[in-house]
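S.K.: Quick one: the structure is below, and I'll ask about it shortly.
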Amino acid sequence: MKTLMLALALIISLAFTTGCGGEGDATESNGNTDTSQNSESADSGEISLTDPDEFGQAVFVVNEELFAELHETLSQGLPAAELAPVITEIKERYITSYVELGRIREGMSDAEKEAANSAIRSALYDRDMDTYRAVNDMTEVYRDENNELANEIVSLSILMQYADFELLRSQEPAEAERLGL
């Protein structure tokens, strides 16, 4: 079951890279928006999120930080009743981050979007899976106590779709509508 869930999470994450979608503000890798990076060039040491490769890397970094935070949170061993609102807060914060990235992506050409997808796909294939496996294992601890909470934790693995508005609209139309996308 654990392997199946991990594989499902990876497949869903990769589904992002086949969609389209974003324009708008840059997002720091910690989930906070910062529009000052939008106009910085790669030469200055800052990333330019209008570059598809750097945009793809930014999406990947947000995903890595999401899972690092999730790992840290789950490692605390909180009771399910205490953990549930924390997971909700983490989810909403990272949805905001991905939507901000999606606004940038919305302004890309189709070729740039595909290049960004390729950069994300490449980063996902090369990532270290230890954190993802650990999060999956810790999630399973909650499954018997609160299956709904465990499913909510697992749902965090597909948040990258929020950076691809077309994909979000097709897979989660109510969410896209809720967010005004």
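No value in this document is a laboratory result; all are computed from the given coordinates. In this text, all values refer to a predicted model and were calculated from it rather than measured experimentally. Here Cβ is always computed from backbone atoms with ideal geometry, including for glycine, and neighbour counts include all displayed protein chains.
S.K.: Modelled label-to-label distance, residue 145 and residue 114, 7 Å Cα→beta-carbon offset: nm?
M.R.: The answer from the label model is 4.8 nm.
S.K.: To continue, here is another question. Could you pull out the trypsin sites (Lys or Arg not before Pro) across the range 92-166 that fall in loop regions by DSSP (anything but H, G, I, E, B) with no more than 12 other Cβ atoms inside 10 Å? Before the final figure, lay out the partial values.
M.R.: Working: sites: 93, 103, 105, 113, 121, 127, 133, 143; in loops: 127.
Answer by residue number: there is no such site.
S.K.: Taking θ = phi - 60°, what integer Hz values does the Karplus form 6.51 cos²θ - 1.76 cosθ + 1.60 yield along the range 165-181, in sequence order, with x for Gly and Pro?
M.R.: Calculated HN-Hα couplings, in order: 4, 5, 5, 4, 4, 7, 9, 9, x, 5, 5, 4, 5, 4, 8, x, 9 Hz.
S.K.: Something else about it: Considering only DSSP states other than H, G, I, E and B, which GluC sites (Glu not before Pro) in the range 83-181 qualify as loop sites with at most 12 other Cβ atoms within 10 Å?
M.R.: Details: sites: 89, 92, 100, 106, 112, 114, 140, 145, 148, 152, 166, 175, 177; in loops: 145.
Answer by residue number: 145.
S.K.: Can you bin the range 130-181 into rounded, prolate or oblate? Criterion: square roots of the alpha carbon gyration tensor eigenvalues sorted a ≥ b ≥ c, rounded for a/c under 1.5, prolate for a/b above b/c, oblate for the rest. Before the final figure, lay out the partial values.
M.R.: On the way: a/c = 4.34, a/b = 2.01, b/c = 2.16.
Verdict is oblate for the range 130-181.
S.K.: Please turn the phi angles of the range 152-164 into ³J(HN,Hα) values with the Karplus equation 6.51 cos²θ - 1.76 cosθ + 1.60 (θ = phi - 60°), one per residue in order, whole Hz, x for glycine and proline.
M.R.: Couplings: 5, 4, 4, 4, 5, 5, 10, 5, 4, 4, 5, 8, 10 Hz.
S.K.: Further question: Using a ≥ b ≥ c from the Cα gyration tensor of the range 70-127 (square roots of the eigenvalues), is it rounded, prolate or oblate, where a/c under 1.5 gives rounded and otherwise the larger of a/b and b/c decides, a/b for prolate? Show your work: numbers first, answer last.
M.R.: On the way: a/c = 5.88, a/b = 2.05, b/c = 2.86.
Oblate, since a/c reaches 1.5 and b/c is not below a/b.
S.K.: Now for a separate question. Report, largest value first, the span of the C-alpha coordinates of the range 95-149 along each principal axis, in whole Å.
M.R.: The principal-axis extents, from largest down, are 46, 25, 13 Å.
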